[in-house]
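K.L.:
Here it is, the structure in full.
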Amino acid sequence: MLEESDYEIDNIDKSNVMVARIFHDGQHKAVKRSFKDGKVLDIKERVSDKWTIGRIVIEEKDWDFKNAVADPNDCDNVIVRHKKTGYRAVIVKSFIGGTRLDSMSLEPLP
């Protein structure tokens, strides 16, 4: 688990925005983040006031993270569609607390 905020992101996996390669403690590592408790920063398509900025992600399954894209302005952010409402939102969640992965297989490390 990545516990410190002192890391640099090398790149975000284009096919899975939950996975990044980072540089931490003098080593290159792969990390998978969870968006549970992520914060909604912006709504790209607002139809009503039901979803507001600042809302917290309760269930990842409610969002289409499989098709999410990295925000080009900030690598801690992703642009993702809410499955039920269809809204596209910008959600922020750093890699702190993320699961360390094997750099080659991207399987969780013991």
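Rule-based calculations on the coordinates, nothing more; no lab input. Owing to the predicted nature of the structure, the values given are computational and were not obtained by experimental measurement. Counting neighbours? That spans all protein chains shown, and the Cβs are built from the backbone with ideal geometry, glycine included.
K.L.:
Could you tell me how many of the residues in the range 1-27 are farther than 24 Å from K66 by Cα and surrounded by 11 or more Cβ atoms within 10 Å (Cβ to Cβ)?
P.N.:
Taking the range 1-27 as the starting set, the residues that turn out to be farther than 24 Å from K66 by Cα are 3-7, 23-27.
Now narrow it down to the ones that are surrounded by 11 or more Cβ atoms within 10 Å (Cβ to Cβ): 7, 23-24.
Final tally of qualifying residues: 3.
K.L.:
Okay, next question. Based on what the data block shows, is N73 free of Cβ contacts under 8 Å to residues at least 40 places away in the same chain and buried (at least 16 other Cβ atoms within 10 Å of the Cβ)?
P.N.:
Values: free of Cβ contacts under 8 Å to residues at least 40 places away in the same chain: yes; buried (at least 16 other Cβ atoms within 10 Å of the Cβ): no.
No, not satisfied.
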